[in-house]
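Take a look at the structure set out below.
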Amino acid sequence: MRAVVLDADRLSQRSDYPTPTPGDDEVLVRVTRAGVCETDLQLIKGYMGFRGVLGHEFVGVAEAGPFKGRRVVGEINCSCGDCSTCRAGRRSHCPNRSVLGILNHDGAFADYIVVPQRNLHVVPDSIVDDVAVFTEPVAAAFQIPDQVYLDHDMRVVVLGDGRLGNLCAQVLAGITAHVTVVGKHPEKLAILRGRSGIATKLLKDVEPDRAADLVVDCTGSPTGLPTALTLVRPRGTIVMKTTVAGEQTMAWAPIVIDEVTIVGSRCGPFDRALMAFESGEIEVLPLISARYDLSQGVDAIEHARSKPVLKVLLDVK
Ligand SMILES: [Zn+2]
Ligand SMILES: [Zn+2]
């Protein structure tokens, strides 16, 4: 089959990659659409030391199992189900897990991907593939209200005007009335302007006023957390939404002095994301910047890496 494969920091376009064989409780899914994510770009830089087929944002058609012939999306953490972490209900933290396209499991930039049946969710007919392919990042944005207390009057700042910043802002604006997205790209901020409850600001115009109750760092940059500390109020909360390859150093004393809560945040509820697409709460189509055929997958990733784009999609036909 065709696949975009990462080997020792080198990406290659393959047409002879072996089609994966599903194991027990796994299903072969024929991919129809996949999205390039910041995490993919970090993996190429060496994050997690991943080798194999990239891609964890996808929609496809189940080839077998109870959902055979239906369109599906898949949660990315493949947990064992048996260990004490899984039994305690924290399956996405299973120490024995693999993660689609990120850790010990081939991903979705390919004609086919193997996914555990329990990870699959049927996509309602009203949700087109171009929308369904955003389920994983929208679910990740919905993880924030699952983790931190939010009320209508809170002042929220989202740092980063990229894909995830946009989605987090939309989710948070459904709960709180004062969401400000801070970014460096006027054209990306413009996509959010006009959405109710969302204000936008260029990073260079932001005052370090220490007034936000909650700051969500979606920058994917080592400067995100230090910037967040200049905006969060004492006893406020910073949610860290993006991973950065490599080590970071910074002054941690302000976190103690100002009693700031720092919350790491990763994967979220797929059912909630699908519901938000059905109800029209979250708008994703304006985020699509470019699309490539799977056979040009390396070019698609290069496009996402080198240009200030939002979402680059791969059509798998
Ligand atoms: Zn992702
Ligand atoms: Zn487990």
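The values are calculated or read from the model by the stated rules, or taken from the named source; none is laboratory data. Source: prediction; values computed, not measured. Quick reminder, even Gly has a Cβ in these numbers, built from the backbone with ideal geometry, and neighbours come from all protein chains shown. Side chains are part of the model used for accessible areas, which takes the heavy atoms of the whole protein and leaves out ligands, DNA and RNA. Shrake-Rupley method; radii C 1.70, N 1.55, O 1.52, S 1.80 Å.
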Of Lys45/Lys317; Lys45/Lys307; Lys184/Lys311; Lys45/Lys311; Lys184/Lys241, which sit over 21 Å apart, Cα to Cα?
Lys45/Lys317
So what are the chain's ellipsoid semi-axes, whole angstrom, largest first, if each one is the square root of 5 times an eigenvalue of the alpha-carbon gyration tensor?
32, 21, 20
Cα-based shape type of region 1-93, given that a ≥ b ≥ c are square roots of the gyration tensor eigenvalues and the cut on a/c is 1.5:
oblate
If you average 1/r across every pair of different Cα atoms in region 184-288 and take the reciprocal, what Kirkwood value do you get, in Å?
15.8 Å
Rounded to the nearest 10 Å², what accessible area does His93 have for a 1.4 Å probe in the complete protein model?
100 Å²
Give me the accessible area of His121, 1.4 Å probe, in Å² rounded to the nearest 10.
40 Å²
Dipole-positive endmost among Gly107, Tyr17, Ser289 within the chain (Cβ charges, Cα centre):
Ser289
Considering region 76-213, what Rg and Dmax in Å follow from its alpha-carbon atoms?
18.2, 51
For every helix of n ≥ 4 consecutive DSSP H residues, a contribution of -39,500 (n - 2.57) applies; sum these over the chain, divide by its total residues, and give [θ] at 222 nm rounded to the nearest 500 deg cm²/dmol.
-6500 deg cm²/dmol
Assign unit charges at the C-beta atoms only (+1 for Lys and Arg, -1 for Asp and Glu), then state the dipole size of the chain relative to its Cα centre in Debye, rounded to the nearest 20.
220 debye
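Before I look further, what does the chain give for accessible area per residue, probe 1.4 Å, in whole square angstrom?
Accessible area per residue, the chain: 44 Å².
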Euclidean distance between Cα centres, region 243-311 to region 182-232, Å
14 Å
Calculated on alpha-carbon atoms, Rg and Dmax of region 251-317 in Å:
18.4, 55
Ranked by accessible surface with a 1.4 Å probe, highest first, in what order do Asp40, Asp25 come?
Asp25, Asp40
Within the accessible area of region 50-177, what % is carbon and sulfur when the probe is 1.4 Å and the other protein chains stay in place?
46 percent
